[in-house]
Amino acid sequence: MVTNDDWKIGVLFSKSGVTAAAEIAEANATLLATEEINAAGGVLGRRITPTFYDPECSARKYRELAIRLLTEDKIKVIFGCYMSTARKAVLPEVEAYRGLLFYPTFYEGFEYSGNCFYTGSSSNQNALQLAQYLIENYGKRFLLIGSNYVFPYEYNRVVSDLVTLADGTILDEIYVPIEAVRKDFDKVIKRIKDLKPDVVVSNVVGTGAVLLYQAYREAGFDPSSMPIASLATTEAEVALMPAGLAAGHLTAASFFETLNTPAAKRFVTAFKRRFGEAAPVTASAEAAYFQIYLYAAALERAGSDNADALVPNLAGLEFDAPQGRVRIDPNNHHTELWARIGRLNPQGKFDIIWESEARVRPDPYFVTAAHEGWATGLTGTRRKA
């Protein structure tokens, strides 16, 4: 039962729609963190009580529900959004009503808001490392595909710049509908056959990702020589696929379910105990989890959930997250995170094949990414593949 003494938060993640699998994982992680904090006594003796709404992967509904949270529900802080179209629909309302948004999903960067904290990775924390690994291990001829919305276009623009700096070639750039069907990938497969790239970079999201890997497998392509590299293929999307369908393909993320550290194992164990052994634990879910703890720490300092009180207490804040210790950069409201590259094994789990030696500072505007020689000598720990 909600009381007037509770710290009320809004949660906007979809239970239905094209990216529902990934968003359910984020919602689960949000709930787990609030339950843990409340079980430990809450914040200043008061519980954190979430109000969940299902925007059904619709940017319009995201906006409408954000307004409802901020006005009718009198909630000042919202946690949520997956696709960038959703975030861009919600953020102007959060700013207008002087609220606060915590956004846990990896995204393209090139954004700042004083009313938003970005706890998912931006492109300099994943795109750069993944592109460099691909060039060093597979070649410089890239084919780019994606779903037809903001993130894939912007991410592919970043990858194109990185490949060009390394004297590589972008062979083609193809987009499919967000709610793609099987025939939408026929042209993709044809272009792969015709162009024979070294790497296929995919930003096809949600259920469309399953169809892409199915089409790739049916075409007889070999991931050991021409992998699909996709930030948008996480444990949540893999859980929708037949066993082994995406084996051999790659992604980059700050966290993997298979991360073998005490903190990571405690988190994954608690998550699966609460939501079921088959419940996928993604990097965005991990960010959704630790951002609640960052909010709680700032709330305890501020003694108020007003944005004006929380923001200065969030700037520079650190937390021992499951991925490792993270820190909010006070200059851009993004988060210092760890970078990792994973390859899917036949059991549908990510084997971590590379990880950074230290957390990576966020550079959402890619100010420093174009330094000379970026594509030689990937710095980090290379694990046995």
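This table checks each residue for (1) crowded, with 21+ Cβ neighbours inside 10 Å; (2) of a type in the set (Val, Ile, Thr); (3) modelled with pLDDT of 95 or more; (4) closer than 27 Å to residue 267 by Cα.
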{"residue": "18", "(1), (2), (3), (4)": "yes, yes, no, yes"}
{"residue": "44", "(1), (2), (3), (4)": "no, no, yes, yes"}
{"residue": "61", "(1), (2), (3), (4)": "no, no, yes, no"}
{"residue": "92", "(1), (2), (3), (4)": "no, no, yes, no"}
{"residue": "95", "(1), (2), (3), (4)": "no, no, yes, no"}
{"residue": "99", "(1), (2), (3), (4)": "yes, no, yes, no"}
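Looking at the structure I just gave you, is residue 103 open to solvent by 20 Å² or more (accessible area, probe 1.4 Å), closer than 24 Å to residue 18 by Cα and either modelled with pLDDT of 95 or more or not small (Gly, Ala, Ser) (or both)? For residue 103, the condition - open to solvent by 20 Å² or more (accessible area, probe 1.4 Å), closer than 24 Å to residue 18 by Cα and either modelled with pLDDT of 95 or more or not small (Gly, Ala, Ser) (or both) - is not met. When segment 281-305 is filtered for residues that are outside any helix (DSSP H, G or I) and in contact (Cβ under 8 Å) with a residue 12 or more places away in the chain, the ones remaining, listed by number, are 281, 282, 303, 305. Residue count for segment 315-332, restricted to those that are under 21 Å from residue 40 (Cα atoms) and surrounded by 21 or more Cβ atoms within 10 Å (Cβ to Cβ): 2. Looking at segment 117-131, can you tell me whether even one residue there is in a helix (DSSP H, G or I) and over 25 Å from residue 318 (Cβ atoms)? Yes, because at least one residue in segment 117-131 is in a helix (DSSP H, G or I) and over 25 Å from residue 318 (Cβ atoms). Exactly one residue among 158, 204 is touching a helix residue (DSSP H, G or I) at 6+ places or on another chain (Cβ under 6 Å) and modelled with pLDDT of 95 or more, and that residue is 204. Kindly indicate whether residue 308 is open to solvent by 30 Å² or more (accessible area, probe 1.4 Å), outside any strand (DSSP E or B) and either within 20 Å of residue 94 (Cα to Cα) or at pLDDT 95 or above (or both). It is true that residue 308 is open to solvent by 30 Å² or more (accessible area, probe 1.4 Å), outside any strand (DSSP E or B) and either within 20 Å of residue 94 (Cα to Cα) or at pLDDT 95 or above (or both). Residue selection: residue 48 satisfies the criterion of being surrounded by fewer than 24 Cβ atoms within 10 Å (Cβ to Cβ) and either touching a residue at least 60 places away in the same chain (Cβ under 8 Å) or not aliphatic (A, V, I, L, M) (or both).
The values are calculated or read from the model by the stated rules, or taken from the named source; none is laboratory data. These numbers were taken from a predicted model, which means no experiment stands behind them. With ideal geometry, Cβ positions are generated from the backbone for all residues, glycine too; neighbour counts draw on all protein chains shown. To get the accessible areas, we keep the full protein, side chains included, count just its heavy atoms, and leave off ligands, DNA and RNA. Shrake-Rupley method; radii C 1.70, N 1.55, O 1.52, S 1.80 Å.
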